[in-house]
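Down below is the structure, laid out as structure tokens.
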Amino acid sequence: MSAILPIPTNRISDLLASQRITRQLQSDQIELFRAQTQISTGRRIISPSDDAPASLRAMNLQRILERKSQAQVSLQDSVLFLGNAEIAINSVSDILNNVKSEALGVDSTLSTENERQSVVDQINRALEQLVTIGNSQFRERYLFAGSRSQQQPYDYVGDFVAFNGNEDHLRSFVDVGFLYETNIPGGEVFGGISQQVLGTVDLNPHLTTDTQVQHLNGGAGLSGGAVEIVYVDAGNNATSSVVDLSGAATIGDVARYLQDGVPASSGITVEVTGAGLTLSTASGTDGVLVQEVGEGRTARDLGIFGDTPQATLVGDDIRPVLLKTTRLADLLGTKSQATVVSGGANNDFIVRATQNGADAGAATPLNGVTIQIVDGESAGREFATYDGNAGTLTVTIESGVSTASQVVDAINAEASGLFSAEIDYRDAASTALAGGGIVALSATAVTAGGSGEVLDQSHGLRVTNGGQTVDVDVSSAETVEDLLNILNQAQLGLQVEINAAGNGINARSRWSGADLTIGENGGQLATQLGIRTYNGDTRLEGFNRGVGVATPDDYRLQLALDGGLGGVTNYHVNLSDDAVADFSSLSEPVGGLLDLKGTYSGLGGNNLSIVFAEDALSTTHSASLAGDVLTVTVGVGDGVGGTLANGATISLDQIFSSIDDVDFTGAIDYHAEDVVGSYTVGTDAGQSITFSGAGSVTVDDVIERISLATSGNVAAAISTVGNGLELSFDNSAGQTLTATGGVAERLGFFDQSKTAATSTTGTLTVEDRHTLESDSVFNTLMRLREAIITEDYPAVGREIDRIDTDLDRVNFARSELGARLQSLETLQFRHEDEEVALRSALSEEIDVDLTEAISEFTARQYALQASLQVAGNILQLTLLDFL
């Protein structure tokens, strides 16, 4: 409360008395107005100057309340979106359970045509219902489209269901600084994108001077800071300098900073290669090393850290990340290069191969090419010639006149197009002078550093999805983004993207109910990109949509080679996942496989070995097991008291068949009929054969076992067009190759409507049975419908089992939604409590105490009244004073 201004009691002038009384009146009126305003507004602080500390605290509290208020709005919206998503999928489980129960009724040969058709009709209705649910909307936003909330996620493409959304989540701030996932992608509920075709190849992008430091080390970038360059001369004297790299934006900047910061007179040069950095000394007797400064990691991040001086410090691969802007020409390797130094300034230039690799084919080396300068042409008419046989790139110039820029132009115009050149700006006194220096005839260099291979864009690849085959032309693509755009065409039904590691691409199917394969079109692009679905590492257990190829009772591929007059030779190729013994190391140039069924010593037989011995007095064969060694004793007696001559052969099939009944306490069960080849008396005694291969059988295993089982008479290889295998054999005398049996059918020699595949052309083709599919409720129901229509009851059973998998996914999604809604509900309660607390704190800072304010207002009224009375008494004003 302000004090009443005192009125002097001593003698004063009328003017002073008038001024003092006026000020008193003004002060009383201001205080009265303030008290009146506080009462009417309920606020203690009218302007920040009333109480600066309290005002600052109040403004902070008001900001928090505003942000909390907006977060509450977002939270309520999130609850609505998640709640509607939960409502939408509540019926999915019921739909799937109904289909499952009906399908169980036709899962046998006892079902009638009408019963099966009724279930097919129900499946069709279920598909329509699920697509409708998958396209549910709320507030014009698709609930299951991922982050593509304005795009319809599920749609029919012919006979298939395509997923057009993605797997990303939408996030909203449901509290200050707290982002929360407010949707659930359709893939987590219904499925829709296959998870099977993940890129398996590191595309190894080429490092260039323009590569940004944030994209190094797989996207981890550099830790920043400085490095210390240490130069050690031939006398072991060391000098060092510290180089600050914190301002470098590209690896070219890093190289420039390092070059500018090398120890004085050291002669160290810094180059950017296709994989990293290289620091070289001028003399082979000097050395350079790079160390950290303090606790930094910059040298390690650049791959040049070391403790031992080297004449040439070749840095590690610093792994630039794969970007959409990465040029396809910069994938799968590095380009050979060399720096040509003439001495002086403004005349150095860099020569670089235009493609990856150590060479570009026969007699066209890229590494080890000597760049030489010769006299013989006038300035302005320089030309370059590449001689692959000699390994030289010769530039003809006018001695003492031709400049580095002219030499660079000549190399860039060279007919082979295998090399390009650019000015080395590290040698330039200024940008304007770069390349203007005279090139010396003595200038020379040898290219190095080229590795890897060239991406095969000329052939493209072959995609088969949903029964349609498309040969994809990527010859026009220049960048990774161009390639992705081509492969993501709607007609292919693919989702192709850069993987999370930033070193390759993934390709997956968007179409449910469709079989996907990605193969070659006569080249190797799919293999190079790591997205070929059928390769040497492909496991047979994934064939036929997870059914596989071999079964415990049927695991032999049966081949018959009809040699015409030579008769028919039958081969049994073991494709089981049990351990096998390879007898190709025996002296006779034929071999075979012995299948080891069951397990041995808990390792599937892989630790068991066979050792051959001979019994000169016996004509029978025997075997004994001791530890991990099965000793097979071959009877080499001739039956008349003598011994078979060295070099005589005994059929392996005969040897193992005769000991087939030996009791090995169940530890070993082999199959003698699988064995081909012979034992050579006197030569193979003491030979040790090890069992191996227990576990998954791959396509490469199939190729190898066909060659072994047929003694090389039949050769298998992966097709260069599409996918599958090609079996080749000699048909010069009219031979015929036939494949029969269940394994042949499941491997892809023929379909279920046939019993054999025969070729007289010298080539027997095997179709691709390693087709991939999207894992979704739509795919399951479509496959179930197909199995019921074709009366494939084993497939019906498998699809019924897959419905359980789909139900698990749906129920997990429902649980996830429920958990999120519960979390949001808890957060909402917390918001309400926090708002009460914050508003209470804000009230303490800015709200007025009404009792105190009213008391103050009353006191101000009395004070003003007293001031008016005093003024009237002192001044004694009348109307005459104003005339």
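Looking at the chain, what % of its DSSP beta bridges pair antiparallel, to the nearest 5? It would help to have the intermediate numbers written out before the result.
On the way: 125 of 139 bridges.
DSSP beta bridges in the chain are roughly 90 percent antiparallel.
Return one whole number: the accessible area per residue of the chain in Å², for a 1.4 Å probe. Each step should come with its number before you reach the end.
Values: 40950 Å² over 883 residues.
Heavy-atom accessible area per residue stands at 46 Å².
Could you compute the FRET efficiency for Ser728 and Asp94, with r as their C-beta to C-beta distance and R0 at 56 Å, rounded to 0.05?
Details: r = 55 Å, r/R0 = 0.99.
Once rounded, the FRET efficiency stands at 0.50.
Under 13 Å from a point placed 7 Å out from the Cα of Gln36 along the Cα-to-Cβ direction: which residues of the stretch 849-866 have their backbone N that close?
Residues 857-858, 860-862, 864-865 qualify, since their backbone N sits under 13 Å from the label point.
For a quick protection proxy, order the peptides 539-545, 46-52, 727-733 by their average other-Cβ count within 10 Å, most packed first.
So the peptides 539-545, 46-52, 727-733, ranked by packing, come out 539-545, 727-733, 46-52.
Any chance you could give the angle, 0 to 90 degrees and rounded to 10, that helix 850-875 forms with the longest Cα principal axis of the chain?
The angle comes out at about 30 degrees.
How much length is gained if the chain between Asp700 and Asp202 is pulled fully straight, taking 0.36 nm per residue apart and subtracting their Cα-Cα distance, in nm to one decimal? It would help to have the intermediate numbers written out before the result.
On the way: separation 498, 0.36 × 498 = 179.28 nm, distance 2.13 nm.
Net length gain for the segment: 177.2 nm.
Using +1 on the beta carbon of Lys and Arg, -1 on that of Asp and Glu, and nothing else charged, what's the dipole of the chain about the Cα centre, debye to 20?
On the way: 49 positive and 115 negative charges, 705 e Å.
Magnitude of the dipole: close to 3380 debye.
Give me the distance in nm between label points sitting 7 Å out from Cα along the Cα-to-Cβ direction at Tyr156 and Glu481, one decimal.
Rounded to a tenth, the inter-label distance reads 3.7 nm.
Order Met782, Met59, most accessible first, counting only protein heavy atoms with a 1.4 angstrom probe.
Working: Met782 15, Met59 85 Å².
Sorted descending by solvent-accessible area, the residues read Met59, Met782.
Contour minus end-to-end for Glu852 and Thr631, with contour as 0.36 nm per residue of separation and end-to-end as the Cα-Cα distance?
Working: separation 221, 0.36 × 221 = 79.56 nm, distance 10.82 nm.
The Glu852-Thr631 span can extend by a further 68.7 nm.
Which distance in nm do the two modelled labels at Ala329 and Thr385 give, with both placed 7 Å along the Cα-to-Cβ direction?
2.6
Show me 180-189, 638-647 ranked by packing, highest mean number of other Cβ atoms within 10 Å first.
Working: 180-189: 22.7, 638-647: 11.2.
The densest-packed peptide leads the list: 180-189, 638-647.
Given 0.36 nm per residue, what is the gain on full extension from Arg141 to Ala234 after removing their alpha carbon distance, in nm?
Between Arg141 and Ala234, full extension yields an extra 26.2 nm.
If I compute solvent accessible area with a 1.4 Å probe over the protein chains, what percent of it on the chain is carbon and sulfur?
Values: 20120 of 40950 Å².
Reported share for carbon and sulfur atoms: 49 percent.
What is the calculated FRET efficiency for Ala345 to Thr308, with r their C-beta to C-beta distance and R₀ = 35 Å, to the nearest 0.05?
On the way: r = 33 Å, r/R0 = 0.94.
It comes to 0.60.
With all protein chains present, calculate the accessible area of Lys335 using a 1.4 Å probe and round the result to the nearest 10 Å².
Probe radius 1.4 Å; accessible area of Lys335 about 20 Å².
About the Cα centre of the stretch 700-752, how large is the charge dipole given +1 on each Lys and Arg Cβ and -1 on each Asp and Glu Cβ? Please answer in debye to the nearest 20. Provide the component values of the computation, followed by the final result.
Numbers: 2 positive and 7 negative charges, 18 e Å.
The dipole magnitude comes to about 80 debye.
Work out the FRET efficiency for Ala866 and Asn60 from their Cβ-Cβ distance, taking R0 = 41 Å, and round it to the nearest 0.05.
Working: r = 42 Å, r/R0 = 1.02.
Computed FRET efficiency for Ala866 and Asn60: 0.50.
Where the centre of each part is set by its Cα atoms, how far does the stretch 413-471 sit from the stretch 479-536, in angstrom?
27
Could you rank Ser711, Ser336, Ser855 by how accessible they are, 1.4 Å probe, largest area first? Intermediate values should be presented prior to the final figure.
Details: Ser711 50, Ser336 0, Ser855 75 Å².
Largest accessible area first, the residues go Ser855, Ser711, Ser336.
The values are calculated or read from the model by the stated rules, or taken from the named source; none is laboratory data. The structure displayed is predicted, hence computed values, not measured ones. Counting neighbours? That spans all protein chains shown, and the Cβs are built from the backbone with ideal geometry, glycine included. Just so you know, the surface numbers come from the protein's heavy atoms only, side chains and all, with ligands and any DNA or RNA stripped out. Shrake-Rupley method; radii C 1.70, N 1.55, O 1.52, S 1.80 Å.
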